[in-house]
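Peer 1: So that we are looking at the same thing, I have put the structure below in structure tokens.
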Amino acid sequence: MKKYSGNDTKTLIFDGGEEPDLKYMQEFVDGNIEVFRANPDMMMVFNDEGFIKDLPINEYASSFCPIDIRGNVIILLGDAQLK
């Protein structure tokens, strides 16, 4: 697992072998989760009310997709993606 921080947000990256459970993901994003497939090899998990709660934009995660992702994000790569 790799960690990135910036502008009041955090990003965790899981790459193969390890896969966080639902409770862990909800605690990390501070709420209910939304899953976004950025490409065939990458899923992003973030707070589904990030825009409503006006969470800060996660610049790192947003760099991988055409929308602004808000708040803490978990990126799942390869075998770590949700099935």
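We did not get these values from a lab; they are worked out from the coordinates using the rules stated. The model shown is predicted, which means the values in this text are computed figures rather than measured ones. Neighbour counts are summed over all protein chains in view; Cβ atoms, including those assigned to glycine, are modelled from backbone coordinates with ideal geometry.
Peer 1: Using the Cα centre of the range 2-80 as origin and beta-carbon charges of +1 (Lys, Arg) and -1 (Asp, Glu), tell me which of 56, 46, 77 is placed farthest towards the positive end of the dipole.
Peer 2: 56
Peer 1: Okay, moving on. What is the count of Lys pairs in the chain whose alpha carbons sit under 20 Å apart, if the two are 8 or more places apart or on different chains?
Peer 2: On the way: 2/10; 2/23; 3/23; 10/23; 10/53; 23/83.
Total qualifying Lys-Lys pairs in the chain comes to 6.
Peer 1: Quick one: what are the phi-derived ³J(HN,Hα) couplings along the range 73-81, Karplus 6.51/-1.76/1.60 with θ = phi - 60°, whole Hz, x for glycine and proline?
Peer 2: 9, 10, 9, 10, 10, x, 5, 7, 5
Peer 1: Then there's this: In terms of the Cα gyration tensor, with a ≥ b ≥ c the square roots of its eigenvalues, is the range 2-80 rounded because a/c is under 1.5, prolate because a/b exceeds b/c, or oblate?
Peer 2: Cα axes put the range 2-80 in the prolate bin.
Peer 1: Quote the relative contact order of the chain in percent (integer), defining contacts as alpha-carbon pairs under 8 Å separated by 6+ residues.
Peer 2: 39 percent
Peer 1: Only Lys, Arg, Asp and Glu count, each charged at its Cβ (+1, +1, -1, -1), so figure out the dipole size of the chain about its Cα centre, rounded to 20 debye. Could you put the intermediate results ahead of the total?
Peer 2: On the way: 8 positive and 15 negative charges, 18 e Å.
So the magnitude is around 80 debye.
Peer 1: Go through 16, 36, 4 and say which Cα lies farthest out towards the positive end of the charge dipole of the range 1-55; charges sit on Cβ, +1 for Lys and Arg, -1 for Asp and Glu.
Peer 2: 4
Peer 1: Further, regarding this structure: Using θ = phi - 60° and the Karplus form 6.51 cos²θ - 1.76 cosθ + 1.60, what ³J(HN,Hα) does each residue of the range 64-71 get, whole Hz, x for Gly and Pro?
Peer 2: Karplus values, whole Hz, x for Gly and Pro: 9, 8, x, 10, 7, 8, 10, x.
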